[in-house]
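The values are calculated or read from the model by the stated rules, or taken from the named source; none is laboratory data. Just so it is clear, the structure is predicted and the values come from calculations on it, not from any experiment. Neighbour counts run over all protein chains shown; Cβ positions are idealised from the backbone, glycine included.
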Amino acid sequence: MSIETKTHEGVAGDLRWTMGSFASATTGGDINTGLHHCLFIALTPISAVSPTEQCAVNETLPCDGSAVTIVTTSDVDGYWIAFGY
């Protein structure tokens, strides 16, 4: 992954959440969520991508929040939100 940016963070009940964006010049990489343990992460490609371009989490959750591996088709940009501790 070429660029991954955390833009917001907060608390929801007893969980923390973080969110940001990613830009992939390849076919994926790692997202550092800023969480110790990631329980849930959602990826949303930006609206400019074609329906054939996809992104997915390539981890068994829960996982280490400092390196959540995602896979994408080439050059997919998007947003992510993660919940955990």
**Residue tally, condition farther than 23 Å from THR72 by Cα and assigned to a loop (DSSP other than H, G, I, E, B), over the stretch 1-23** = 2
**Item:** Residue identified as at negative phi, assigned to a loop (DSSP other than H, G, I, E, B), of a type outside the set (D, E, K, R) and crowded, with 18+ Cβ neighbours inside 10 Å among THR60, THR33, THR52, THR26
**Value:** THR33
**Request:** Please verify whether the stretch 45-68 includes one or more residues that are modelled with pLDDT of 90 or more, in contact with an Asp or Glu (Cβ under 8 Å, 6 or more places away or on another chain) and among the hydrophobic types (A, V, I, L, M, F, W, C).
**Result:** yes
**Item:** Residues being over 11 Å from the mean Cα position of the chain (by Cα), crowded, with 18+ Cβ neighbours inside 10 Å and within 13 Å of TRP80 (Cα to Cα) - total across the stretch 1-16
**Value:** 0
